[in-house]
Amino acid sequence: MGLSNTRPEGSKEKGSAFPSLSPAELREHQQRYLEWPKPNYSLPAKLLFASTDMLFPKGRSFEYFAFLELVARVPYFAWEHVGHIAQTQNHRDHRFARKIQDRVLSSRDEQDNEFWHLLIMEEMCEQKGYKRRFLRDKLFPQVMSFLYYHLSWFLYVVYPKWSYKLNADFETHAALTYAKFVQERPDFDETPWESKYKDDYGHHKTVGDMLRQVAWDEEQHKNHSETYIKAGARFSRTRG
Ligand SMILES: [Fe+2]
Ligand SMILES: [Fe+2]
């Protein structure tokens, strides 16, 4: 997506509902991700990562993360959509409809957080003078987002646990990939983070800390999906 050099005046409230951590905390979490045991990804997640690797053979880069963040928002759209359908079907049961609303609100917070990630990665691409290619940076992300949306939606309707598991895999992979990106680029800790989105996202001093914060956010997304798996993934009057 293109960004103009000027940005409309927005709210002075911080846009991300996720807290900003200190540099020391962020380094601790990065190290923890690097020490995670090898994740056991589901088959759809493996297919998704394999197709992404084909298109970004050089791996970790700001254009790769811009793609990742575009796709990352999609399950939360799908879950919000299904939540509203469930509320419509159960509109006379106010207690249950209200309970579903908590999941809808959680999906919105997560997609908002991914939105700031997306804008920040796009901004980093622009600052580096990255030239977009039609297939890789425009068509492919939109096709993948379309397919991923429908897969997330379908799984959430049929067996929600699978949809949460797919997202947890995606978020685990994202947290780990950001942690590795910062590890292999020590110069990021000497590079001041200049951004139009600091008021929205958080006032991190270096590119390294900004990326570590994004990694930590991804872990929160993963944890939320795993919490729903444990508590009972399907909307229920009695569970979760
Ligand atoms: Fe993200
Ligand atoms: Fe995420």
Answer residue from the range 118-131, given it is in contact (Cβ under 8 Å) with a residue 40 or more places away in the chain and not hydrophobic (A, V, I, L, M, F, W, C) and is nearest to ligand 1 (Cβ to nearest atom) among those: 122
Long-range neighbours under 7 Å by Cβ, at least six apart or interchain, first residue of a type in the set (Gly, Ala, Ser) within the range 89-117, second modelled with pLDDT of 90 or more: 97/87; 97/90; 97/91; 106/224; 107/76; 107/79; 107/80; 107/83
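Rundown of residues vs (1) within 16 Å of ligand 1 (Cβ to nearest atom); (2) within 30 Å of residue 129 (Cα to Cα); (3) in contact (Cβ under 8 Å) with a residue 24 or more places away in the chain, yes/no style:
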{"position": "36", "(1), (2), (3)": "no, no, yes"}
{"position": "48", "(1), (2), (3)": "yes, yes, yes"}
{"position": "53", "(1), (2), (3)": "no, yes, no"}
{"position": "62", "(1), (2), (3)": "yes, yes, yes"}
{"position": "85", "(1), (2), (3)": "no, no, no"}
Helices (runs of 4 or more DSSP H) contained entirely in the range 36-106, each with at least 1 residues that are within 16 Å of ligand 2 (Cβ to nearest atom), modelled with pLDDT of 90 or more and touching a Ser or Thr at 6+ places or on another chain (Cβ under 8 Å): 62-72, 74-89
Could you grab me the full set of residues in the range 153-209 that are within 16 Å of ligand 2 (Cβ to nearest atom), aromatic (Phe, Trp, Tyr) and under 22 Å from residue 59 (Cβ atoms)? 170, 178, 181
Anything in the range 145-184 that is closer than 22 Å to residue 215 by Cα and of a type in the set (A, V, I, L, M, F, W, C)? List them, or say none. 166, 168, 170, 174, 175, 176, 179, 181, 182
I'd like the full set of residues that are among the charged types (D, E, K, R) and within 19 Å of residue 17 (Cβ to Cβ), limited to the range 173-208. 198, 199, 200
Filter pass, residue 110 being within 16 Å of ligand 2 (Cβ to nearest atom), outside any loop (DSSP other than H, G, I, E, B) and touching a Leu at 6+ places or on another chain (Cβ under 6 Å): no
Which of (1) modelled with pLDDT of 95 or more; (2) away from ligand 1 (no atom under 16 Å from the Cβ); (3) basic (Lys, Arg); (4) within 21 Å of residue 123 (Cβ to Cβ) is the odd one out, the single condition residue 212 does not satisfy? (2)
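Here's the yes/no breakdown for (1) among the hydrophobic types (A, V, I, L, M, F, W, C); (2) within 16 Å of ligand 1 (Cβ to nearest atom):
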position	(1), (2)
134	yes, no
141	no, yes
147	yes, no
164	no, no
167	no, yes
195	no, yes
204	no, yes
Among the residues of the range 176-193, is any crowded, with 18+ Cβ neighbours inside 10 Å and under 21 Å from residue 107 (Cα atoms)? no
Within the range 201-239, can you find the residues that are more than 19 Å from residue 190 (Cβ to Cβ) and without any contact (Cβ under 8 Å) to a residue 40 or more places away in the chain? 223, 227, 230, 231, 232, 236, 238, 239
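The values are calculated or read from the model by the stated rules, or taken from the named source; none is laboratory data. Bear in mind that the values here come from a model prediction, so they are computed numbers and not experimental data. No Cβ is skipped: glycine too gets one built from the backbone with ideal geometry, and neighbour counts run over all protein chains shown.
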